[in-house]
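Down below is the structure, laid out as structure tokens.
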Amino acid sequence: MSALLKDRRALVTAGASGIGRVIAERLIEADARCMVCDVDTAALDAFTSTFGKGLAVRADVSDEAQVDVMFDQVEQQLGGLDILVNNAGISGPTLPAEELSLEDWQRTIAVNLDGHFLCARRAIPLLRDAGGGSIVNMSSIGGRLGYPKRAAYAAAKWGIIGFTKTLSIELGPLGIRVNAIQPGMVEGPRVERVMREKAASAGISYETLQERAFQRISLRRGVTAEDVAALVVFLVSDAGRNISGQAIPVDGDQTSLG
Ligand code: NAD
């Protein structure tokens, strides 16, 4: 993997923790110069203490002014950009659509969808100036299926697919490839917390609920952040040079069953 992305400059949004942090680590391991943004200051500090000062920026991707300041810093620190990983996203409240407030709907759309747009819009001139590049957008299998009690999240994750395909058509002639990744349930503290809450409210053990969930997945196992990061590295490297406009599930084949 080493040197696969030598001299490439990358930005990973929401890269200070969770899946984004693992993506950033793998890009750095492949020799990319990688910056991250996040809203979590403590996680950003932890990132800079490992990878060096100037590589982490505090920015909320749904805020146009903050995105502008972030991209100014990216230009200063990296001198341009070859790779944008639009990873930032929030689940929003777990509620049926009729109980969802307009404010919660709009916040979920703002982070998941506006954030992708705002960051891509600032990245495009930099990628063009670099003579081409790659954008990876983070959708979800919630962007392939319906997702009960997560209407805003599903709407945003489906929206990312339309955005990805449109950008791919617009930017392909410039040598800029645009793809989306659709992870299934990624193992980690967030999913474990949600599953433990679900198990408790259903009156069953966490292990029983997890086993039932695996029965709906062809490969009978969960997805890891490493699985997602491996696909990102592949897509942004020259190995993915003829792949654009695609929405690729990393879900152990949860979606064949529907
Ligand atoms: P997470 O909840 O662990 O959050 C990761 C980081 O995002 C945190 O450091 C947080 O501070 C940051 N963040 C939140 N709002 C932000 C904002 N407005 N601007 C900048 N940073 C912000 O998320 P995760 O589980 O690592 O998920 C990352 C992406 O993958 C999201 O787009 C998510 O929808 C998608 N995804 C996750 C799963 C899963 O099972 N975890 C499944 C499918 C898709």
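The values are calculated or read from the model by the stated rules, or taken from the named source; none is laboratory data. On a predicted model such as this, the values are computed, not experimentally measured, just so you know. When we count neighbours, we look across all protein chains shown, and the Cβ atoms used for this are built from the backbone with ideal geometry, even at glycine.
Taking the range 1-19 as the search range and keeping residues that are outside the structural domain of ALA239 (by the TED database) and over 14 Å from CYS34 (Cα atoms), which one is nearest to the ligand (Cβ to nearest atom)? Looking at residues that are outside the structural domain of ALA239 (by the TED database) and over 14 Å from CYS34 (Cα atoms), I get MET1. None of ILE141, ILE109, ILE124 is among the β-branched types (Val, Ile, Thr), away from the ligand (no atom under 15 Å from the Cβ), more than 16 Å from ASP38 (Cα to Cα) and surrounded by 15 or more Cβ atoms within 10 Å (Cβ to Cβ) except ILE124. Against the definition (out of contact with any strand residue (DSSP E or B) (no Cβ under 9 Å at 6 or more places or on another chain) and at pLDDT below 95), how does ALA239 come out, yes or no? No, not satisfied. Any idea how many residues of the range 193-216 are touching a Gly at 6+ places or on another chain (Cβ under 9 Å) and at pLDDT 95 or above? Within the range 193-216, residues that are touching a Gly at 6+ places or on another chain (Cβ under 9 Å) and at pLDDT 95 or above number 0. Among the residues that make up the range 192-213, is at least one of them in the same structural domain as SER244 (by the TED database) and more than 21 Å from the chain's Cα centre (by Cα)? No - not one qualifying residue is present in the range 192-213. Is it true that some residue in the range 131-144 is farther than 25 Å from LEU219 by Cα and assigned to a loop (DSSP other than H, G, I, E, B)? Looking through the range 131-144, at least one residue is farther than 25 Å from LEU219 by Cα and assigned to a loop (DSSP other than H, G, I, E, B). Listed by first and then second residue, the pairs with beta-carbon distance under 7 Å, at least 6 apart or on different chains, first residue in the range 199-217 and at negative phi, second of a type in the set (Asp, Glu) and modelled with pLDDT of 95 or more, are ILE217/ASP253. The strands (runs of 3 or more DSSP E) located wholly in the range 1-114 that include 1 or more residues which are among the hydroxyl-bearing types (Ser, Thr, Tyr) occupy 9-13.
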